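Each remark here refers to the structure printed beneath this line.
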Amino acid sequence: MEQFTFKLDASSSQTKIQQLIHAVSEAINLGILKDGDFLPSVNQLNRESGISRDTIFKAYSILKQRSIISSTPTKGYFVSSESYRVFILLDDFSAFKEQLYKSLRANIPDTYSIDLLFHHYNPEIFNQLILNSLGRYSMYIVMNIDNKSLEEVVRKIDPKKLLILDMGFDPKNEVSSLTQDFNQAVYDCLSSGLELIQKYQEFILVFPKNTPHPIETIDAFNRFCTEHQLKHNVLENIDDREVQPGQAYLVIKDSDLVKIVKDCKKNSYQIGKDVGIISYNDSPMKEIVGSGITVISTDFIRLGKDCANFIVNKERVNAVMPTRLIIRSSL
């Protein structure tokens, strides 16, 4: 059976403490150290590795704080459990992200602990959260910032432990991914609802200027409208614009959806007859608001299950999640 050994890497950018913490965590993740196995004593590791007793003690203390190892006065340090720690970094909190998380949590063992964090599309926060996580987790689920690339800091994570979620493209094809198609899939969804969309005189995409939503959706929208000879427009905001009967809207942000629903209510327009609405990303609330809001969406419950499968089975996956038009009364 393979024994746990530690060799200091003088060329590493990590501190000695970080290297030792990472080595112990990796040994547990790889099965070299199992529940109840003893770690080298402080004195033994000091003799074998040459690092100071104080450094070893500090590293072991941090591992104890994280509940990775335990100790007793008579037996020394040992692996406390085989529980896994999972790092999940999402873009922001929303109703459909909650669906995803609950589905993921329900499909992994209770012994797996999760740290759920949000980057809010702030590159500095994103980089710092990734850097702070290195070597501390068994598996990583990351929603990337850019849809067309992979943030460089993400490559510091072991690719065998990493799943890119929702947005991101790895030209080196080294990383697992479960992503969405924001172009052709949108075109196909709109095509499946063509007859309903054609009821309206004008089709409007509300695409805010600073939205992180991939711009490819604009291309899909324009291509669809042009090919079917639909009068159409792309607006950055509708704050100062009154909704008019005969218009159908495709909205990315829920705040724009609320604005349109309020306008219709104020002017006694019937949603689904006078004004059409398609919203992006489904949620339980959209199933009931105004007798149901039509959505373009992936299945976030299934997405959560697929994430859980990656975490538990550690099998590489590269898939584009299906996106569909769910027709409700708003169209």
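The values are calculated or read from the model by the stated rules, or taken from the named source; none is laboratory data. Because the structure is a prediction, the values reported are computed rather than measured. A quick note on method: Cβ atoms are made from the backbone with ideal geometry, for glycine too, and the neighbour counts reach across all protein chains shown.
Restricting attention to the range 86-116, and to residues there that are of a type in the set (Phe, Trp, Tyr) and in a loop (DSSP other than H, G, I, E, B), which single residue is surrounded by the most Cβ atoms within 10 Å (Cβ to Cβ)?
Tyr112
How many residues does the range 291-311 contain that are of a type in the set (Asp, Glu) and in a helix (DSSP H, G or I)?
Pass one, the range 291-311, residues of a type in the set (Asp, Glu): 299, 306.
Remaining after also requiring in a helix (DSSP H, G or I): 306.
Qualifying residue count for the region: 1.
Restricting attention to the range 133-144, which residues are touching a residue at least 40 places away in the same chain (Cβ under 8 Å), outside any strand (DSSP E or B) and under 16 Å from Met167 (Cα atoms)?
Correct list: Met143 only.
Given the criterion assigned by TED's automatic domain parsing to the domain that holds Tyr101, of a type in the set (Lys, Arg), over 24 Å from Arg105 (Cβ atoms) and modelled with pLDDT under 95, identify the matching residue among Lys148, Lys161.
That would be Lys148, the only listed residue that is assigned by TED's automatic domain parsing to the domain that holds Tyr101, of a type in the set (Lys, Arg), over 24 Å from Arg105 (Cβ atoms) and modelled with pLDDT under 95.
So, in the range 1-40, how many residues would count as being of a type outside the set (Val, Ile, Thr), modelled with pLDDT of 90 or more and outside any helix (DSSP H, G or I)?
The total comes to 2.
What residue, of Ile62, Ile32, is over 30 Å from Phe300 (Cβ atoms), surrounded by fewer than 19 Cβ atoms within 10 Å (Cβ to Cβ) and in contact (Cβ under 8 Å) with a residue 40 or more places away in the chain?
Answer to the check: Ile62.
Residues Tyr249, Tyr269: which one is part of a loop (DSSP other than H, G, I, E, B), more than 25 Å from the chain's Cα centre (by Cα), outside the structural domain of Ser103 (by TED's automatic domain parsing) and among the hydroxyl-bearing types (Ser, Thr, Tyr)?
Going through Tyr249, Tyr269 in turn, just one is part of a loop (DSSP other than H, G, I, E, B), more than 25 Å from the chain's Cα centre (by Cα), outside the structural domain of Ser103 (by TED's automatic domain parsing) and among the hydroxyl-bearing types (Ser, Thr, Tyr): Tyr269.
From (1) surrounded by 15 or more Cβ atoms within 10 Å (Cβ to Cβ); (2) touching a strand residue (DSSP E or B) at 6+ places or on another chain (Cβ under 8 Å); (3) not assigned by TED's automatic domain parsing to the domain that holds Asn147, pick out the condition that doesn't hold for His119.
Failed condition: (3).
Out of Ile108, Ile130, Ile88, I need the residue that is more than 16 Å from the chain's Cα centre (by Cα), in contact (Cβ under 8 Å) with a residue 40 or more places away in the chain and over 17 Å from Ala27 (Cα atoms). Which one?
Just a single option satisfies the conditions, and that option is Ile108.
Have a look at Asp254, Asp263, Asp274 and point out the one that is charged (D, E, K, R), assigned by TED's automatic domain parsing to the domain that holds Asn233 and within 17 Å of Ile296 (Cβ to Cβ).
Within the list Asp254, Asp263, Asp274, the selection yields Asp254.
If you take the residues of the range 158-179 that are surrounded by 20 or more Cβ atoms within 10 Å (Cβ to Cβ) and in a loop (DSSP other than H, G, I, E, B), which of them is farthest from the chain's Cα centre (by Cα)?
Among them, the one singled out is Val175.
Which residue is surrounded by the fewest Cβ atoms within 10 Å (Cβ to Cβ), if the candidates are limited to the range 257-299 and must be over 18 Å from Ile197 (Cβ atoms) and among the acidic types (Asp, Glu)?
Glu287
Considering only residues that are out of contact with any Gly (no Cβ under 6 Å at 6 or more places or on another chain), of a type in the set (S, T, N, Q) and at pLDDT 95 or above, which ones fall in the range 181-212?
If the condition is that a residue be out of contact with any Gly (no Cβ under 6 Å at 6 or more places or on another chain), of a type in the set (S, T, N, Q) and at pLDDT 95 or above, then Asn183, Gln184, Ser191, Ser192, Gln198 are the ones that fit.
So if I check each of Arg316, Arg324, Arg328, Arg302, which one is touching a residue at least 24 places away in the same chain (Cβ under 8 Å), closer than 19 Å to His213 by Cα and among the charged types (D, E, K, R)?
Arg324
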